[in-house]
Structures are given as structure tokens and as C-alpha cells.
1. GNM on the chain, C-alpha springs below 10 Å: top fluctuator among Ser134, Ser24, Ser89?
2. Please return the longest stretch of the chain lacking exposed loop sites, where trypsin sites (Lys or Arg not before Pro) count only if DSSP places them in a loop and at most 11 other Cβ atoms lie within 10 Å.
3. Got a sec? Charge dipole of the chain, +1 on Cβ for Lys and Arg, -1 for Asp and Glu; which of Ala7, Val66, Gln32 is way out at the positive end?
4. Tilt of helix 80-92 relative to the longest C-alpha principal axis of the chain, in degrees (0 to 90, nearest 10)?
5. Out of the stretch 28-132, which chymotrypsin sites (Phe, Trp or Tyr not before Pro) are coil in DSSP terms and have no more than 12 other C-beta atoms within 10 Å?
6. Counting each pair of different Cα atoms once, what's the Kirkwood radius of the stretch 6-145 in Å, rounded to one decimal?
7. Roughly what angle does helix 6-19 make with the longest principal axis of the chain, taking Cα atoms, 0 to 90 degrees, to the nearest 10?
8. Which value, in debye to the nearest 20, describes the size of the charge dipole of the chain about its Cα centre when Lys and Arg Cβ atoms bear +1, Asp and Glu Cβ atoms bear -1, and nothing else is charged?
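Laboratory data are not the source of any read-out in this text; all were calculated from the coordinates shown. These figures come from a predicted structure and were not determined experimentally. Virtual Cβ from ideal backbone geometry, glycine too; neighbours counted across all protein chains shown.
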Amino acid sequence: MYDARLARWITQSIHKHFETATLSCQLILEHQGKDFSKYQAWAEVRMDGPHVRQRGRINYDFVIFVNVLVTDKTTTDLYSIERLTGELSVILGSTIVVRQYGIDSDEGTTIVGCLNREGEVQINNQGTSSAKQSSVETTYVLKYKE
């Protein structure tokens, strides 16, 4: 059986991946406060999973869908939403190292594995009357062996 802390390590590693990335708008992680009124542009990182697929007696795939909703109220830059989605597609296009985080570990020094992108990074433009909106999303897989 896999380590029960793996879901937490994956989530924390994804959050750290975004926190250390260079982004030209405010980054908000899911479960943080949602007072967006003070920002002109922001990106909200959301995740679905991990979903666990057992590939054998001791082999597992942890599948995580990451979706970033980008909102931009800027009116002076016609292409600001494209700049932001471009920055996010680069961040989502890279491999994410999964480390052990938490009170009961050595706080990020032990590597568990890597989340590798499965498929493409998709950009979906939506837009509203009061703001420009897009989502940038992809799926990651961590191959894990007991």
C-alpha cells in the first residue's frame, strides 16, 4: 500500500511549484481567502485529484488535473490576458518535483517522485463583460512504486 501522506505531499508540491514561479499577477491557491476586489489581475490555482490507478501489485499512478483560472480587469493592455496565459502555460508545462512536506518529515529534502505532464497544456478563453478570463489546464501523473 502507498503512503497515506502522498496526497498531501502532491498538493503541497504543486503549491510550492506555483509559489516559486515568476508570474506578473497575484497568485491565489485554492482554499485561500477569495477577496479579489483589491486586484486588477489574478490567477487561481485549482486541482482535482489525486486519482489513484493501481497498475500492478506495487505500482500506482497518481493522476492530478490542474486548472488555473485567470481573471484580468486591466483595460490599458489589450493583450494582458494572453501574456498571463502564456506565463502560466510555461509553468504548467514543466515537471513538478514531489517532495515530503509536513511536521513528520524532513521538510522538503526527500524527493518522492515527479509529476510529469500527460497530454497538452490547454488554454481556454472565456471573457465576461467586466473582465477578461481564461483557463490554463493540464493533467499530471506521478508513477509510484511501493
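1. Maximum among the listed residues: Ser24.
2. 58-146
3. Of the options given, the answer is Ala7.
4. In the chain, helix 80-92 runs at an angle near 10 degrees to the longest axis.
5. Those that pass, being in a loop and sparsely packed, are Tyr79.
6. 16.0
7. Here the helix axis deviates by roughly 30 degrees.
8. In debye, rounded to 20, the chain gives about 260.
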